[in-house]
Ligand code: MN
Ligand code: MN
């Protein structure tokens, strides 16, 4: 081959070039990514709500030797513990052997996903059909949630405190629920409306039954609300719950079905809830596998991110501070010093450039599928409104950690300037004087009932969290 010209060599030296995982990885490494994805798909199927994610994560942690921890307990270097906040928000803590004032390596993901919550009085009937009324949770594009099979997941807490776990629609043979839509023949008026108006929140009612209640002699009951009675009787038989119990319940309709490979080559995964279980799973498995790290590693699986991170199980709760105070108290350190020396990856998904909708993205700065885990220095909307904007110094630090570990990563920005925007938990952690940057897996169809990610990016997210905790 002819020698490179000075210009060609200089270009190679000076220019940045984004490459896919397929260009950078050998077949053995690619096979490892495929294998890792299988465990993730099981996690997706088992963890459709934040409560289910906590339950399954606790099992993973227990198997890895972590033990349950309650605030105020003794902590020692080398301890592996987890703390469950009301069963909806989980903290996995690996106490390091280095002095605690060196800080904590935090990875914070969230385990709640957009869905259709049941209202507190959800059940009614109309024209012989029984319905659940819903109130959508998080950023839901309503038209995507009609005419798909839905499963009911959640808990009902009875007045005596007994907690009943509900799961209908995801086991083989289970019935499902669904929200109907107009036939095209009669959709003239609806078709003329903008998407934001064509489907209303109060119209998101799911069919839950359709037959009247039958008396013991086989006759239709003379009682009114016959279908509602059938549904209530079925729920009473299966779960022992009465209508008033809905008032103290957390029940949600989520897409029914399992995570599946997308495409003949099987390099994509389609599923409900990649946002943000993809970062929860990768951060958690990294925390479990980072056995020889001397750092203290804290993995946070937060709830309520999709509604703004408020509340006792959201990232704005002071629990992270409390845990750092506990570490300071038990291991002998100044909590302010610990926070100042801590670093955090806000582990949340990025918007992948969608070739079907290139007009909303700016291709030089948008994350691309298969090009690795995506780092967003800033988020927000408009003039970066609402972002914590990680410092150049911290970005350089993470950049070096990732490059040294040969983690495939890219930068990302949420679409074109002024196209929209969004945020993550990064700013809440940064507000506590902890350097934080957003890192996560690029997603296609984010917040849809069926989101798509790359197995290669999934694996690089895991490898990145490992490198960060090492
Ligand atoms: Mn998210
Ligand atoms: Mn989201």
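Assorted remarks:
- Overall size of the range 6-94 from C-alpha positions, given as principal axis extents largest first: 65, 32, 23 Å.
- Cα pair distances of the range 115-255 binned at 10 Å [whole percent]: 11, 38, 33, 14, 3, 0
- With 0.36 nm allotted per residue and the present C-alpha distance subtracted, the residue 264-residue 250 stretch has 1.2 nm of extension available.
- Packing here is the average count of other Cβ atoms within 10 Å per residue, and on that basis the peptides 314-321, 251-258, 209-216, highest first, run 251-258, 314-321, 209-216.
- Once both labels are positioned 7 Å from their Cα atoms along Cα-to-Cβ, the gap between residue 418 and residue 221 label points is 5.9 nm.
- Residue 147-residue 102 pseudo-label distance in nm [points 7 Å out on the Cα-to-Cβ vector]: 5.8
- Relative intensity of the chain on a log10 scale, I(q)/I(0) at q = 0.06, 0.09, 0.12 Å⁻¹, equals -0.30, -0.65, -1.07, per a Debye sum over C-alpha point scatterers of equal strength in the absence of solvent.
- Nearest 10 degrees, 0 to 90: helix 274-289 Cα axis against the chain principal axis: 50
- Note: relative contact order over the chain, using C-alpha pairs below 8 Å and six or more positions apart, is 22 percent.
- Applying the Kirkwood pairwise sum to the alpha-carbon positions of the range 270-324 produces a hydrodynamic radius of 12.8 angstrom.
- Likely footprinting exposure, 247, 204, fewest C-beta neighbours within 10 Å first: 247, 204
- The range 378-470: Cα Rg divided by the 2.2 N^0.38 Å rule of thumb: 1.15
- Column: log10 I(q)/I(0), Debye, Cα scatterers of the range 63-139, q = 0.16, 0.22, 0.25 Å⁻¹: -0.76, -1.08, -1.24
- Label zone at residue 238, where the point sits 7 Å out along the Cα-to-Cβ direction: the range 159-194 residues whose backbone N lies under 12 Å: 165-177
- Prolate/oblate/rounded call for the range 228-373, Cα gyration tensor, a/c under 1.5 rounded: oblate
- The slack between residue 34 and residue 186, meaning 0.36 nm per residue of separation minus the straight C-alpha distance, is 50.1 nm.
- Available extension along the chain between residue 158 and residue 196 is 10.0 nm, counting 0.36 nm per residue and deducting the alpha carbon span.
- Degrees between helix 319-331 axis and first principal axis of the chain (Cα, 0 to 90, nearest 10): 50
- Between the Cα long axis of helix 455-469 and the first principal axis of the chain there is an angle of about 60°, rounded to the nearest 10.
- When you count the other C-beta atoms within 10 angstrom of each residue and take the mean per peptide, 399-409, 26-36 line up highest first as 399-409, 26-36.
All of the numbers you see were taken from the coordinates with simple rules; none came from a lab. Quick caveat, the model's predicted, so the values are computed rather than measured. As a convention, Cβ positions derive from the backbone with ideal geometry for all residues, glycine included, and neighbour counts pool all protein chains shown.
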